Amino acid sequence: MSELYNHLKTLFNHNKVINKWLNLKLSNYAILCKISLVVEKMHPILKKYIPIMELIGNTFGKNCEVVLHDFSDPQHSIVNIINGNVTGRKIGDSITDLALEAWRRDGFGANKERMLLNYQSKSKDGKVLKSSTLFIEEEKGNIIGCLCINYDLTEGIMLSNFFNDLCQTESLTMEREDTSETFVEDINEVLDYLVDKAISEVGRPVALMSKEEKVRTVSLIDEKGGFLIKGAIDKVAKSLNVSRYTIYNYLEEAKAMREEGLNLI
């Protein structure tokens, strides 16, 4: 595909009349090539969900976003999306903080459920969403991705009681006070959020943190799945003003304390 792309571009590069038209067509062609490669590399089990996505998205319309994530590449986990206008995401964008944490914990809540239904979330531009997520397993029971539905309730909430049943949401039952989910295009935004949230939870400026407080900060980030993100060690090390090797030591120390049943301060 890339050879054909380059050949066409060279062939028409000096023709000013059709150059603008060609660039538009080649741009669309390049997007199709990218999507084709994503689908080609997708796990066979995940491919089976694409027709289901089309069914759901086309049945419930433009306010119903359906997203398929492939966890083999968290930085670019979205491998298919229907009605991406709801959250403004596209193929190649990253995993959310909620999915990352649940994946790290091997499921939702204490019972490690594989499905979470009808929880409330919010898009970056303030849309109120009714969301459901299903983890997808391969033959050995390992989680390889997830199917998510995000329905934009913003218009429905402003209407009469006719939509009350549709707009009812349930509280998120995972062991966390913050039930929000962050929709981003770049996985680094999720990591920045997790680092800032952990530092805030410890409640002391980094410059004044003791070693124990830094260990707790690292532990909080780890529990949310932060270290599943590529480059997290260097990012956290820079944020805490320590070396990357110190972060590895903090992770081991936090792990040992958890195994011994000791509480981090």
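Note on Lys127: aspartates and glutamates with a C-alpha under 16 Å away, same-chain residues under 8 apart excluded, are Glu65, Asp152, Glu155, Glu181.
Here the peptides 49-57, 141-149 are ranked by packing, the mean other Cβ count within 10 Å, and the order with the highest first is 141-149, 49-57.
Please state the shape class of region 191-259: rounded when a/c is under 1.5, otherwise prolate if a/b exceeds b/c and oblate if not, all from the C-alpha gyration tensor. Working shown, then result.
Working: a/c = 1.21, a/b = 1.04, b/c = 1.16.
It comes out rounded by the Cα gyration axes.
Place +1 on the Cβ of every Lys and Arg and -1 on the Cβ of every Asp and Glu in region 191-259, take the dipole about the Cα centre, and give the residue among Met257, Val202, Ile229 whose Cα lies farthest towards its positive end. Towards the positive end, the residue furthest out is Ile229. Our estimate of slack between Arg204 and Thr154, defined as 0.36 nm per intervening residue step minus the Cα-Cα distance, is 14.3 nm. Would you give the gap between the C-alpha center of region 86-159 and the C-alpha center of region 230-247, rounded to a whole Å? Result: 28 Å between the Cα centres.
Magnitude of the Cβ-charge dipole of region 215-265, K/R +1 and D/E -1, about the Cα centre, nearest 20 debye?
With Lys and Arg at +1 and Asp and Glu at -1, about 280 debye.
Partners of Lys112 within straight-line reach, counting aspartates and glutamates whose Cα lies under 12 Å from its Cα and excluding those fewer than 8 residues away in the same chain: Glu101, Glu175.
Pairs over the 19 Å Cα-Cα cut-off, from the set Lys48/Lys140; Lys47/Lys122; Lys62/Lys122; Lys214/Lys255: Lys47/Lys122. A DSSP coil position with no more than 15 other Cβ atoms inside 10 Å describes the following trypsin sites (Lys or Arg not before Pro) in region 184-261: Lys230.
Where does each of 184-193, 78-87 land if you order them by average Cβ count within 10 Å, highest first?
Details: 184-193: 18.6, 78-87: 21.2.
Order by mean packing, descending: 78-87, 184-193.
The numbers here are math on the coordinates, done by the rules we state, and not lab data. What you are looking at is a predicted structure, and each value in this text was computed from that prediction instead of being measured. Don't worry about glycine lacking a Cβ; one is built from the backbone with ideal geometry, like all the others, and counts go over all protein chains shown.
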